[in-house]
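Scroll down for the structure; my scribbles are underneath it.
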Amino acid sequence: MNNHSPYTPPKVWQWDKESGGRFANINRPIAGPTHEKELPVGKHPLQLYSLATPNGVKVTVMLEELLAKGITGAEYDAWFINIGEGDQFSSGFVAVNPNSKIPALMDRSGSTPIRVFESGSILVYLAEKFGAFLPTDPAQRAECLSWLFWQMGSAPYLGGGFGHFYAYAPEKFEYPINRFAMEVKRQLDVLDRQLAEHRFISGEDYTIADMAIWPWYGALVKNQVYEAAEFLDAASYKHVNRWADEIAARPAVKRGRMVNRATGPLHEQLRERHDASDFKTRTQDKIGAEQV
């Protein structure tokens, strides 16, 4: 237990100081832009403004999977949004996503540009636009969308809840860590039970439900976020681990995970993506590094 005095909430909450911890400098209780800056626009109809966080990876994986299917209309430019520096609060970004969160997509393929924000919404939009990775059978479609929205509702407990208090908060407090660890383990158990009976999340077919859930929970069990796999006994969720390994082995997933990434080994980073040939540069970097 900690020795902190109990907190008595004021009658009216006022924002008078940063909360502390990682990302505190970009948190604020108001919306809207902080500065004027237009977003760049590349040569493809699809313009993605993002970062390789779990939410960003969902969309780049989807786009790379579409391209792997030979859907050339899914070619895209991916622009790096540095959330640590507040790029998401530029006037250009806010015009695409008034919520100032990555990822954000502009579809310029038609006469009128269409903005799409929120990662789950982007996945559905792309799946419907290109007719892929979303079942058409009513029952299977409902199952897929149920799991997609399960992720959208569950991941905040993992990220903003467990992840924040376990990895990012200025101090570790027993109550919130225990509270959110319990919930995350319950979520992992939900997934493990589902995957015990199905190859993929919503059945035997790979869908946008897998693309949404894998960057969060696949990364968690493989200790790629929060360094909490041992703490959560992630290895015990054997079906989640089996599924996470299968998804990670997909070539399109490997490419999608690289896009808009600026951390980790150099050959796993692709800060911006404007053409499929951009990946070859990183492959050559890896070969060169291994020969040194």
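The values are calculated or read from the model by the stated rules, or taken from the named source; none is laboratory data. Given the structure is predicted, the values throughout are model-derived calculations rather than measurements. Note that we place each Cβ from the backbone using ideal geometry, even for glycine, and neighbour counts take in every protein chain shown.
Just a few scattered comments:
- Residue pairs whose Cβ atoms lie under 8 Å apart, separated by 6 or more positions or on different chains, with the first residue in region 17-32 and in a helix (DSSP H, G or I) and the second at pLDDT below 70 and not basic (K, R), are A24/E18; N25/E18.
- Hits in region 60-90 - residues which are without any contact (Cβ under 8 Å) to a residue 24 or more places away in the chain and part of a loop (DSSP other than H, G, I, E, B): G70
- Within region 262-270, not a single residue is surrounded by 16 or more Cβ atoms within 10 Å (Cβ to Cβ) and charged (D, E, K, R).
- For region 225-256, the set of residues classified as over 18 Å from K185 (Cβ atoms), part of a loop (DSSP other than H, G, I, E, B) and free of Cβ contacts under 8 Å to residues at least 40 places away in the same chain consists of A249 only.
- Those residues of region 30-82 which are under 27 Å from G163 (Cβ atoms) and among the charged types (D, E, K, R), in sequence order: K58, E64, E65
- Of everything in region 226-258 that is closer than 26 Å to L67 by Cα and touching a Gly at 6+ places or on another chain (Cβ under 8 Å), the residue that is surrounded by the fewest Cβ atoms within 10 Å (Cβ to Cβ) is A248.
- Flag for L105 being touching a strand residue (DSSP E or B) at 6+ places or on another chain (Cβ under 6 Å), within 29 Å of V225 (Cα to Cα) and in a helix (DSSP H, G or I): no
- Being within 19 Å of the chain's Cα centre (by Cα) and assigned to a loop (DSSP other than H, G, I, E, B) is a property that holds for Y206.
- Flag: G70 matches the condition of being loosely packed, with under 10 Cβ neighbours inside 10 Å and modelled with pLDDT of 95 or more.
- Just one residue in the set L123, L145 is closer than 30 Å to G203 by Cα, in a helix (DSSP H, G or I) and over 15 Å from the mean Cα position of the chain (by Cα); that residue is L145.
- All of I177, I83, I102 fail the test of being closer than 20 Å to I213 by Cα, surrounded by 17 or more Cβ atoms within 10 Å (Cβ to Cβ) and not small (G, A, S), apart from I102.
- Residue in region 122-142 that is among the polar types (S, T, N, Q), out of contact with any strand residue (DSSP E or B) (no Cβ under 9 Å at 6 or more places or on another chain) and under 26 Å from E75 (Cα atoms) present: yes
- Being in contact (Cβ under 8 Å) with a residue 24 or more places away in the chain, touching a Phe, Trp or Tyr at 6+ places or on another chain (Cβ under 7 Å) and part of a helix (DSSP H, G or I) is a property that holds for F93.
- Looking only at region 137-170, residues that are closer than 30 Å to S5 by Cβ and in contact (Cβ under 8 Å) with a residue 12 or more places away in the chain come to 13 in all.
- Hey, P113 touching a strand residue (DSSP E or B) at 6+ places or on another chain (Cβ under 9 Å) and free of Cβ contacts under 8 Å to residues at least 12 places away in the same chain or not: yes
- Restricting region 126-142 to residues that are of a type outside the set (D, E, K, R) and assigned to a helix (DSSP H, G or I), the residue that is surrounded by the most Cβ atoms within 10 Å (Cβ to Cβ): L126
- Of all residues in region 209-232, one or more are out of contact with any helix residue (DSSP H, G or I) (no Cβ under 9 Å at 6 or more places or on another chain), modelled with pLDDT of 95 or more and over 17 Å from N55 (Cα atoms).
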